[in-house]
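The values are calculated or read from the model by the stated rules, or taken from the named source; none is laboratory data. Predicted model only: the values in this text are computed from it and were never measured. Cβ placement follows ideal geometry from the backbone for every residue including glycine, while neighbour counts extend to all protein chains displayed. Please note that ligands, DNA and RNA were not included when accessible areas were found on the heavy atoms of the full protein model with its side chains. Shrake-Rupley method; radii C 1.70, N 1.55, O 1.52, S 1.80 Å.
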Amino acid sequence: MCAAERDAAGMTAARVAALLGAFGPGEEFLGVSELARRTGMPKSSAHRLTGHLVHEGLLERDRTGVRLGIRLFEIGQLAAARRGLVDAARPYLADLREATRNTVHLAVLEGTEVVYLDIVRGPDAPALPSRIGGRFPAHATAVGKAILAHSPGPVLETVISAGLPRVGPRTLTAPGLLRRQLTKVCEEGMAYEREESGAGVICVASPVLDGSGRARAAVSISGWSNRVRAERVAPAVRTTALTLSRTLP
């Protein structure tokens, strides 16, 4: 994407955010003219963007104007649920960090990538590229593999179909090898990553499961591959994930 395209995309995103944020407490419907006035954009632009937002379910149209759509409520519920997951997990993540002195991650799957909801960095751990809200290819992380192993089949097929790019020195790029490893992860409840996301890094993860046995998230620790012994830290990671699983509704 060139600079001009990035600028245009940024402007569109800002205008969409302005339109959705124009509604005040107790205001159900607003007309396009009022939205244009409140956002400071031309009425033609407000009308065009409003039409797109209605089409996507983010706004709903009525003869008196438009109102916030049900899809926004659904998205908000997902965000609230994840905020609750982070709040519930934080004490356990802190305990795991203290027990291992390595960096602890809480992550969920979004499409073909994991998104880090929380990170508690350890004093003895390497500097990692992960950040809260950041993304990483699921197949190249232990948290990603822990989630994929306990997800419906089509989820894994989507990841494989998108390609398995090499990220670190030992990233799994062969679909067959990834499938075999995930079968083992499903049996053991533990996933491992050895220099697949970056040189010199090892990661041990376990899934956070809901009542149906599907992964809602995963917990992991990451450290130096020449310092962390996976078999020693795995029980602590597994215990943390199981404890958190029991807190889910």
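Carbon and sulfur atoms: what percent of the 1.4 Å accessible area of the chain do they account for?
Summing carbon and sulfur atoms, their accessible area is 54 percent of the total for the chain.
Add -39500 (n - 2.57) for each DSSP H run of 4 or more in the chain, then divide by its residues: what number comes out at 222 nm, to the nearest 500 deg cm²/dmol?
Calculated at 222 nm, the ellipticity per residue is -15000 deg cm²/dmol.
Highest mean first, how do 201-212, 60-71, 129-140 rank when packing is the count of other Cβ atoms within 10 Å averaged over residues?
Packing proxy ranking, top to bottom: 201-212, 129-140, 60-71.
Hey, in the GNM for the chain with a 10 angstrom Cα cutoff, which one of Gly223, Gly189, Gly21 fluctuates hardest?
Answer for the Gaussian network model of the chain: Gly21.
What's log10 of I(q)/I(0) for the chain at q = 0.15 Å⁻¹, Debye sum over Cα points only, no solvent?
-0.98
Would you mind putting 157-163, 97-103, 49-55 in packing order, based on average other-beta-carbon counts within 10 Å, highest first?
For the peptides 157-163, 97-103, 49-55, the packing ranking is 97-103, 49-55, 157-163.
Taking only Cα atoms, what is the 0 to 90° angle, nearest 10, from helix 43-55's long axis to the longest principal axis of the chain?
50
Could you give the semi-axes, largest first, of the ellipsoid that matches the range 135-236, computed as the square roots of 5 times the alpha carbon gyration tensor eigenvalues and rounded to whole Å?
Equivalent ellipsoid of the range 135-236: 20, 18, 10 Å, largest first.
Could you report the chain's accessible area per residue, 1.4 Å probe, as an integer in Å²?
Result: 52 Å² of accessible area for each residue.
Counting only other residues whose beta carbon sits under 13 Å from that of Ala174, what net charge do I get with K and R as +1, D and E as -1?
Here the charged neighbours net out to +3.
Quick one: net charge around Thr112, please, counting Lys, Arg +1 and Asp, Glu -1 for every other residue with C-beta under 12 Å from its C-beta.
Neighbourhood net charge equals -2.
Could you work out the local net charge near Leu19, counting Lys and Arg as +1, Asp and Glu as -1, over the other residues with Cβ closer than 15 Å to its Cβ?
Here the charged neighbours net out to +4.
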